[in-house]
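Just below is one structure, and these are the notes that go with it.
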Amino acid sequence: DVKVTQSSRYLVKRTGEKVFLECVQDMDHENMFWYRQDPGLGLRLIYFSYDVKMKEKGDIPEGYSVSREKKERFSLILESASTNQTSMYLCASSLSWQPQHFGDGTRLSIL
Amino acid sequence: QKEVEQNSGPLSVPEGAIASLNCTYSDRGSQSFFWYRQYSGKSPELIMFIYSNGDKEDGRFTAQLNKASQYVSLLIRDSQPSDSATYLCAVNTGRRALTFGSGTRLQVQP
């Protein structure tokens, strides 16, 4: 079974803080993704990576950056958190063009 | 126009009935199509995927794809209260990431 692990289920931070969300997968998948999910807006792609040190912007990259130093780990960074970044963040991974598998999600609140 | 469109629902069906969930997409070059189920407060889990025109069956679930009309549907036979969830349609539009619809909320009434 594919296992995608996100470091926190719930996180509360303050505006202006630098926030790190971590994601680890154990299936040697080359593709990893970060989405955010908001009511009525569905899942929106923030960034994805198809190889170590490679990254591509998704649909809503503003205010975020990512890091992929090792194949199994993909980090999402909020450079200076703002209240409009309060959301559910979902990490996913996939092998080649195969279906994506999701982690449990991190519910992030920015106060 | 949204790239992947779904009726938000709720779609309400009685227990034992067939639930029909529909999805349309705008990119004619789309190659692969996925259905995910998401329970409230949980992350999406893959139910089915389909690549070719026609039907694909897996247990109580059938995915149907019509590329000419640009729609994909999911049928759930013998619906159970445990099927109550939001169903997300996702489309691969040529990049490795998926484009998701906003989801249809299904309610199965006991």
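Quick note: the coordinates plus some simple rules give every number you see, no bench work behind them. Quick caveat, the model's predicted, so the values are computed rather than measured. A quick note on method: Cβ atoms are made from the backbone with ideal geometry, for glycine too, and the neighbour counts reach across all protein chains shown.
List of remarks:
- Among (1) under 30 Å from A:Phe48 (Cα atoms); (2) under 14 Å from the mean Cα position of the chain (by Cα); (3) surrounded by 14 or more Cβ atoms within 10 Å (Cβ to Cβ) - the single one B:Asn66 does not satisfy: (3)
- Positions within region B:33-89 being assigned to a strand (DSSP E or B), of a type outside the set (A, V, I, L, M), farther than 24 Å from A:Gly103 by Cβ and in contact with a Lys or Arg (Cβ under 9 Å, 6 or more places away or on another chain), in sequence order: B:Thr62, B:Gln64
- Residues of region A:15-51 classified as more than 28 Å from B:Thr104 (Cα to Cα) and either without any contact (Cβ under 8 Å) to a residue 12 or more places away in the chain or assigned to a strand (DSSP E or B) (or both), total: 7
- In region A:52-82, the residues that are aliphatic (A, V, I, L, M), over 10 Å from the mean Cα position of the chain (by Cα) and assigned to a strand (DSSP E or B): A:Leu78
- Which listed residue is surrounded by 15 or more Cβ atoms within 10 Å (Cβ to Cβ), among the polar types (S, T, N, Q) and in contact (Cβ under 8 Å) with a residue 24 or more places away in the chain, from A:Ser67, A:Ser75: A:Ser75
- Test: residue in region B:91-108 that is under 30 Å from A:Tyr10 (Cβ atoms), touching a Phe, Trp or Tyr at 6+ places or on another chain (Cβ under 7 Å), crowded, with 20+ Cβ neighbours inside 10 Å and away from every other protein chain (no Cβ under 14 Å): yes
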